[in-house]
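Read through the structure below, which is laid out as structure tokens, and then see the notes.
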Amino acid sequence: MAVNKIIYNGATLVDLTSDTVTADDLAAGVTATGADGKPVVGLLPKVAIDNELSLTSTNPVQNKTITAALSNLDIDIATNDEIDNALNLAGSGDLPTGGIVPIAMGGTGATTTAGARTNLGVSATADFANVAFSGAYDDLTGKPAIPSRTSDLANNSGYITSSALSGYAKSVNGTFPDSSGNVTISVSGGGSSGGGSNYTLPTASSSTLGGVKIGSGLTINTNGVVSADVTASTLTAYAKTTDLSVVAKSGSYNDLSNKPTIPSAYTLPNATSSTLGGVKVGSNISVSNGTISVTKSNVTSALGYTPATTNNASFTGTTMVQTLTVSSVLNIPGGSIWIE
């Protein structure tokens, strides 16, 4: 896994995230570390220097070769008279007066070496620094100091050094800090005999002082203060009383909205000769399981006597006999009257 930043105990020790080096910035085979913490291998072709002059070489550096070739030249500088004679032979006429040959006529337009360099736009090899021909970093002057150790760097980020940790405990009773910097200490002693056994914190109960664990809905700060974690986020599953409708608190049917339409209670009308309706059971009528009947006892009760049950002239039982006047216009066969 690539690492491009190291932070120890809150202080940044190494930070490569702002580095811009890429493979195209380094010579082929040269290695470095990129901003992502991964190795970078250079891809930039190394500059080759030719050993001899060439019209076909593609190498950009031939300085040493050119210098060596120039130093081996046997240059014989002609005098003014020799140049004048050469020009006369060529039909160009005499050289200009003053000994200055214009550049157009093959001269330098100057009488001194410095002037000739200026006119021709060239410089002597001695005017160049060594690095102009070698291209080597080592031939540079005034090179910047590149730190090779962390002690060469200014600790402007507040990195913790071993001297800064002087006086701090590295371990407690042989116990070293964990990855978070905490040291866990086992507390012993406290027994009834003054030591020798580890103290066990009892579980708290209604009758026992003891330890508890912080469950859901509670928080505890670094001072050991327990608080109820009552926030908007923890109460999302609960409704506010202000959000409840009136009926939720009153329970009254009248506080409901969109109540159904309930018809009025039915009133049974009285029965008449033209209206179906209700009647009440009066005297001398029997009702059994909702069935109305007229019984013998109802009849005798209504009549006040027991009527005859035979067509004979003689009567039995308790009978009220009233005087019967027979009209003379009636024809009574055999002189007998039947009462039914």
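Can you put T17, T150 in order of accessible area, largest first, using a 1.4 Å probe? Please report the intermediate quantities before stating the final value.
Working: T17 75, T150 120 Å².
I get T150, T17, largest accessible area first.
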Approximate spin-label separation L235-T20, in nm, with each point projected 7 Å along Cα-to-Cβ
5.5
Candidate lysines - alpha carbon under 30 Å from K280, same-chain residues fewer than 8 apart omitted
K296
Counting heavy atoms of the protein chains only and a 1.4 Å probe, report the per residue accessible area for segment 220-314 as a whole number of Å².
87
Quick one: what are the phi-derived ³J(HN,Hα) couplings along segment 18-30, Karplus 6.51/-1.76/1.60 with θ = phi - 60°, whole Hz, x for glycine and proline?
9, 5, 10, 5, 10, 5, 6, 8, 10, 5, 3, x, 7
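The values are calculated or read from the model by the stated rules, or taken from the named source; none is laboratory data. Quick caveat, the model's predicted, so the values are computed rather than measured. Neighbour counts run over all protein chains shown; Cβ positions are idealised from the backbone, glycine included. Accessible surface is based on the protein model in full, side chains and every heavy atom, while ligands, DNA and RNA are left aside. Shrake-Rupley method; radii C 1.70, N 1.55, O 1.52, S 1.80 Å.
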